[in-house]
Amino acid sequence: MIAGRDTTAGTLSWFLYDLCRDQRIQDKIAREVREATTGDHQDVGGVQEFTACLTEDAIGSMHYLHAALTETLRLYPAVPSDVKCCFSDDTLPDGHAVRREDMVNYLPYAIGRMKFLWGDDAEEFRPERWLDDDGLFVPESPYKFTAFQAGPRICLGKEFAYRQMKIFAAALLYLFRFEMWERDSTVGYRSMLTLKMDGPLYVRALPRRSTGN
Ligand code: HEM
């Protein structure tokens, strides 16, 4: 339940929060979703007609949405801290010696915000950092972007999670524009097994097509 549900649900909450704080990015994703699905035909009807346009190809072509979800996971990794147990005496890449049965924690939350890895704007939500000059998504090494862990025990549901989140986000952003209920309000986090918000996220949902964006 935690692996498959709290992770994606929590990530989508942080994603919505990020988009409420930057309407430019939100509108850009909504445009990409529209172009990839219904194109110029803006009046496809309701959610059922829209989801019929969400083909494999359409979802696969949403590079900016993919980048925005990845950027959300960089800043708000669903598993913010992960613990491992050493099978044998070893030396970590930085020269640190560990002994058999030592516990080692790594912190995707901290790693995702390190300036020496991500640049001076590491704390900024900027999906563009994941795109090449043609707007195509460029993945990072899982040893740098650690939200899904790395190596043989990397998250088994990673591709499924992206697909699920992209479908959900695309439907929401095609139909609605979201803004914070109280302008400029912020939320903090509670670090549990997964990264939770420390309170409710109050947002306002406005029908998007009537806004022209
Ligand atoms: C945003 C979504 C998700 C994130 C960030 C995430 C992250 C992770 C992380 C960090 C681990 C490694 C935990 C550890 O062993 O220390 C993991 C493992 C795993 N995840 Fe996910 N996960 C997500 C969604 C999902 C979904 C949707 C599923 C299933 C449909 C899933 C299935 C699994 C499974 C089965 C493992 C264990 C893999 C193994 O030990 O070989 N995850 N995930």
ask   = ³J(HN,Hα) across the stretch 188-196 via Karplus (A = 6.51, B = -1.76, C = 1.60, θ = phi - 60°), whole Hz, x for Gly/Pro?
value = x, 10, 10, 8, 10, 4, 10, 8, 9
query = In whole Å, how far is the Cα centre of the stretch 159-200 from that of the stretch 25-90?
reply = 12 Å
inquiry  = Please enumerate, by chain and number, the lysines with C-alpha under 30 Å from the C-alpha of Lys28, excluding those fewer than 8 residues away in the same chain.
reply    = Lys115, Lys144, Lys158, Lys166, Lys196
inquiry  = Mean-square fluctuation check for the chain, GNM, Cα pairs under 10 Å: which of Met62, Met103, Met180 is largest?
reply    = Met103
inquiry  = Restricting to DSSP loop positions (anything but H, G, I, E, B) with no more than 14 other Cβ atoms inside 10 Å of their own Cβ, which chymotrypsin sites (Phe, Trp or Tyr not before Pro) remain in the stretch 1-103?
reply    = Phe87
key: J(HN,Hα) series, the stretch 157-166, from Karplus relation 6.51 cos²θ - 1.76 cosθ + 1.60, nearest Hz, glycine and proline x   = x, 4, 5, 4, 4, 4, 4, 4, 5, 5
GluC sites (Glu not before Pro) restricted to the stretch 121-213 and DSSP loop, no more than 15 other C-beta within 10 Å = Glu123, Glu124, Glu140, Glu182
query = Using heavy-atom solvent-accessible surface (probe 1.4 Å) with all chains present, what is the largest-first order of Tyr76, Tyr162, Tyr189?
reply = Tyr189, Tyr76, Tyr162
query = Round to a whole number: what % of the accessible area of the stretch 2-211 belongs to carbon and sulfur, probe 1.4 Å?
reply = 54 percent
task = Pull up all non-local amide H partners of Tyr189: gap of 5 or more, or a different chain, and H-to-H distance under 5 Å with H placed in the peptide plane.
result = Asp198
remark   = Quick shape check on the stretch 115-157: root eigenvalues a ≥ b ≥ c of the Cα gyration tensor, a/c under 1.5 is rounded, otherwise prolate if a/b tops b/c, else oblate, and it reads oblate
inquiry  = Along the Cα→Cβ direction, 7 angstrom out, place labels at Asn105 and Cys85. What is the inter-label distance in nm?
reply    = 1.8 nm
query = On the first, second and third principal axes, largest extent first, how far apart are the outermost C-alpha atoms of the stretch 2-211 in Å?
reply = 63, 37, 33
task = List, in order, the whole-Hz ³J(HN,Hα) value for each residue of the stretch 47-62 obtained from phi through the Karplus relation with A = 6.51, B = -1.76, C = 1.60 and θ = phi - 60°; use x for Gly and Pro.
result = 5, 5, 5, 5, 5, 5, 7, 7, 7, 3, 4, 4, 5, x, 8, 8
key: Estimated inter-spin distance, Val138 and Asp27, nm [label 7 Å along Cα→Cβ]   = 2.8 nm
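The values are calculated or read from the model by the stated rules, or taken from the named source; none is laboratory data. For clarity, every value in this text was computed on a predicted model and none was experimentally measured. No Cβ is skipped: glycine too gets one built from the backbone with ideal geometry, and neighbour counts run over all protein chains shown. All accessible areas refer to the heavy atoms of the entire protein, side chains included, with ligands and DNA or RNA removed. Shrake-Rupley method; radii C 1.70, N 1.55, O 1.52, S 1.80 Å.
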